[in-house]
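Reading through the structure tokens given below for one structure.
The values are calculated or read from the model by the stated rules, or taken from the named source; none is laboratory data. Keep in mind that what you see is a predicted model, and the values were worked out from it rather than measured. Note that we place each Cβ from the backbone using ideal geometry, even for glycine, and neighbour counts take in every protein chain shown.
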Amino acid sequence: MKLTQQLCFRPNTVLTRSINWAYGSVLDIFHKLMKFYVGITDSDWYNQLKALKPEEVNFWQPGGNTVFRVLPEEGLFLFKLHHPRNFIVGGGYFVRHSFLPVSLAWKAFGRANGVESIGQFMERIRKYRRENMGHDPQIGCIILTQPFFLEESAWIPVPDSFKKNIVTGKSYESSEQESAYLIEALRERLPAATAEPNARYGNPLLVKPRLGQGAFRVLVTESYHRRCAISGEKTLPVLEAAHIRPYADQGPHLIQNGLLLRSDLHILFDQGYITVTPDSHVLISKRIRQEFENGKDYYALDGKVLMLLPERLQDRPSADFLNWHNQNRYLE
């Protein structure tokens with residue numbers, strides 16, 4: 001097929017479960033994004049995740065010192081197996097790159113790291129890192145959402161430009177002829193999808209891919225610079241990403257629906273002993289004193305302004321979610 005216009009991918013409108021395929025509309029959409037990436041992974045990682053079918057994956061890098069800057073958020077990231085299995089076998093949508101200790105990567109993604117346990121996780125990292133890693137090594141994490149996995153009969157041979165000596169991956173510009181080949185091959189292989197009735201992730205016709213729990217944890221942690229919003233605590237193992245409106249109560253996995261809190265403050269927040277007002281003031285319920293005859297350290301926080309907020313205004317806690325917590329969770 002000859003393509004006369006510039007082609008590219010637009011995530012969450014192409015290759016997702018959210019939109020029906022229409023050949024003409026696919027071509028119209030492709031001109032809006034300029035680049036996608038093909039990353040190399042091993043069969044064990046791929047096979048586990050293909051069987052698991054998670055809503056997100058961590059395409060981790062053992063080195064923990066190279067920032068992945070190739071794709072913009074929402075960019076398409078494709079999976080290629082190690083040589084000699086020179087095929088593209090799936091992909092997902094880029095959310096964020098972050099350096100995380102293994103413990104946090106496991107806490108956030110679990111088996112969606114492509115391993116069965118944190119012990120196996122450490123073994124896989126040792127396979128690639130020869131230096132002393134320490135008890136909780138830092139790794140690079142390329143967080144991808146809405147992954148898809150092709151059946152072996154549908155695997156796509158890599159273009160000729162993907163040489164055997166490429167170690168990590170290769171990016172492709174939409175103007176390249178080989179990009180048109182990959183685009184058409186994917187368009188033919190991925191099934192038609194139907195719109196999801198559930199809008200918890202936002203309107204499926206919008207650009208943003210939906211986030212999973214693991215991505216939510218990482219994005220909230222990074223947005224608050226790894227510090228508790230209330231206390232300023234920086235000890236990472238005790239910091240947790242809290243939903244303001246719980247996921248079980250139709251709260252979405254959005255940064256605006258999150259606060260990074262010390263674990264004890266997270267528990268109290270979830271149970272309604274603590275809330276945060278839309279103007280970022282902390283309120284401590286009198287119920288702590290009434291029920292536990294304690295709470296001196298917590299009452300010292302009462303009326304204080306949050307110590308930390310995300311730099312980007314669009315990432316700060318939503319007044320709607322905070323009002324929901326004030327009205328539906330907080331114990332007067």
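For the stretch 100-121, give me the residue count where each residue is surrounded by fewer than 17 Cβ atoms within 10 Å (Cβ to Cβ) and among the hydrophobic types (A, V, I, L, M, F, W, C).
Residues that pass the stated criteria total 1.
Scan the stretch 166-184 residue by residue and report those that are over 26 Å from the mean Cα position of the chain (by Cα), within 18 Å of Gly75 (Cα to Cα) and of a type outside the set (Ser, Thr, Tyr).
Glu176, Glu178, Ala180, Glu184
In the stretch 139-178, which residues are in contact with a helix residue (DSSP H, G or I) (Cβ under 8 Å, 6 or more places away or on another chain), part of a loop (DSSP other than H, G, I, E, B) and among the hydrophobic types (A, V, I, L, M, F, W, C)?
Leu150
Taking the stretch 88-120, which residues are of a type in the set (Lys, Arg) and either assigned to a helix (DSSP H, G or I) or not assigned by TED's automatic domain parsing to the domain that holds Ser179 (or both)?
Hits for the stretch 88-120 are Lys107, Arg111.
Take His135 and decide whether it is in a loop (DSSP other than H, G, I, E, B) and either modelled with pLDDT under 95 or crowded, with 18+ Cβ neighbours inside 10 Å (or both).
Criteria met by His135.
Among the numbered criteria (1) farther than 19 Å from Asn326 by Cβ; (2) free of Cβ contacts under 8 Å to residues at least 24 places away in the same chain; (3) surrounded by fewer than 14 Cβ atoms within 10 Å (Cβ to Cβ); (4) not hydrophobic (A, V, I, L, M, F, W, C), which one does Gly232 miss?
Gly232 satisfies every listed condition except (2).
I'm trying to understand the selection: among the residues of the stretch 293-332, which are among the charged types (D, E, K, R), closer than 16 Å to Ala229 by Cα and not in a helix (DSSP H, G or I)?
Hits for the stretch 293-332 are Asp302, Lys304, Glu311, Arg312, Arg316.
For residues that are under 19 Å from Asp42 (Cβ atoms) and among the acidic types (Asp, Glu), scanning just the stretch 88-133, find the one that is nearest to the chain's Cα centre (by Cα).
Glu116
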